[in-house]
Amino acid sequence: MYNSKPHQEHDLTRLHQHMLDTRLAVLVSQGEQGLLATHLPVLVDTAEGDFGTVYAHLARANRQWQDLQHGGEALLVFPGADAYVSPGYYPSKAENPKVVPTWNYLAVHAYGPAEVIHEAEPLLAIVSRLTDRHEQGRSEPWKVTDAPADYIEGMLRAIVGIRLPIARLQGARKLSQNRSGQDIAGVREGLSASPDQLDNQLAAHMRQL
């Protein structure tokens, strides 16, 4: 992705935390069927490989897995908080009106060769781990084993697993770093005062600059 130098994020711990915090990623691939994208929940194993490994699953009816099975690089997009930045947030506007709106955001892109999994046992492990992750914190967490075994076997036949060892990571942390400290504070205050929760989330990230 295009990402100017002031907004590049290279800290692996921070990149991994962003990925772990993302509930729904976007899997993008290019193959015989053209450019395809699927929104899907993922598991990120930060300890597996140099940059981590991502696990997920697709519906077998989703033809994207056929292109992935033929090899080639795939992309996983992990979006984050974002916010419109009004020129009105900049105190410097009073002295220099040459300002325009922009957008602040966080995002991580993970690239690697996707592997397709058909076997029942590793598929069960993927869906079980995904379920456990999103059920944690509930007073009565639901587990895959709560459903009848023959029903789960049938559901597993309707999906394919994806394993993507990450070969490279790109992180964007666009938080007005190219502006003066005064303008950064103005943006942070403006977003903090917004009634929009996403604006507030972005402002919280700006407090960490």
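The values are calculated or read from the model by the stated rules, or taken from the named source; none is laboratory data. Keep in mind it's a predicted model, so treat the numbers as computed, not measured. Cβ placement follows ideal geometry from the backbone for every residue including glycine, while neighbour counts extend to all protein chains displayed. Note: accessible area is taken over every heavy atom of the protein model, side chains too, but ligands, DNA and RNA are not part of it. Shrake-Rupley method; radii C 1.70, N 1.55, O 1.52, S 1.80 Å.
Summary of computed values
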| item | result |
| --- | --- |
| DSSP-loop chymotrypsin sites (Phe, Trp or Tyr not before Pro) across the stretch 1-82, with at most 10 other Cβ within 10 angstrom | Y2 |
| Derived scalar couplings ³J(HN,Hα) [the stretch 162-172; Karplus, 6.51 cos²θ - 1.76 cosθ + 1.60; whole Hz; x for Gly, Pro] | 10, 10, 10, x, 6, 8, 7, 10, 10, x, 10 |
| Theoretical ellipticity at 222 nm over the chain - DSSP helices of four or more residues, -39500 (n - 2.57) apiece, nearest 500 | -9000 deg cm²/dmol |
| GluC sites (Glu not before Pro) restricted to the stretch 96-173 and DSSP loop, no more than 12 other C-beta within 10 Å | E119 |
| Sequence-distant lysines (8 or more away, or on other chains) whose Cα lies within less than 25 Å of K174 | K5, K93, K98 |
| Interchain or long-range residues, amide H under 5 Å from A81's placed H | L106 |
| Contour excess over end-to-end distance, with Cα ends at Q201 and R168 and 0.36 nm allotted per residue | 9.2 nm |
| Relative compactness, the stretch 1-109, computed as alpha-carbon Rg over 2.2 N^0.38 Å | 1.39 |
| For the stretch 121-185, convex hull of alpha carbons as volume per residue, Å³ | 147 |
| Percent accessible area from carbon and sulfur atoms, the chain, protein chains only, probe 1.4 Å | 53 |
| Reciprocal of mean inverse Cα separation for the stretch 15-76 (Kirkwood radius, Å) | 12.5 |
| Estimated distance in nm for a label pair at K93 and Q30, the labels positioned 7 Å out from Cα along Cα-to-Cβ | 3.9 |
| Cα-based shape type of the chain, given that a ≥ b ≥ c are square roots of the gyration tensor eigenvalues and the cut on a/c is 1.5 | prolate |
| The stretch 4-57: relative contact order as a whole-number percent, Cα under 8 Å and 6+ apart | 24 |
| Anisotropy class of the stretch 67-135 from Cα gyration tensor, a/c 1.5 cut | oblate |
| Under 11 Å, Cβ to Cβ, from P122 - net charge with Lys/Arg +1 and Asp/Glu -1 | -1 |
| Nonlocal amide H pairs with E9, under 5 Å, H built at 1.01 Å | G171, A172, R173 |
| Nearby lysines by direct alpha-carbon distance to K143 (threshold 26 angstrom, same-chain neighbours under 8 apart not counted) | none |
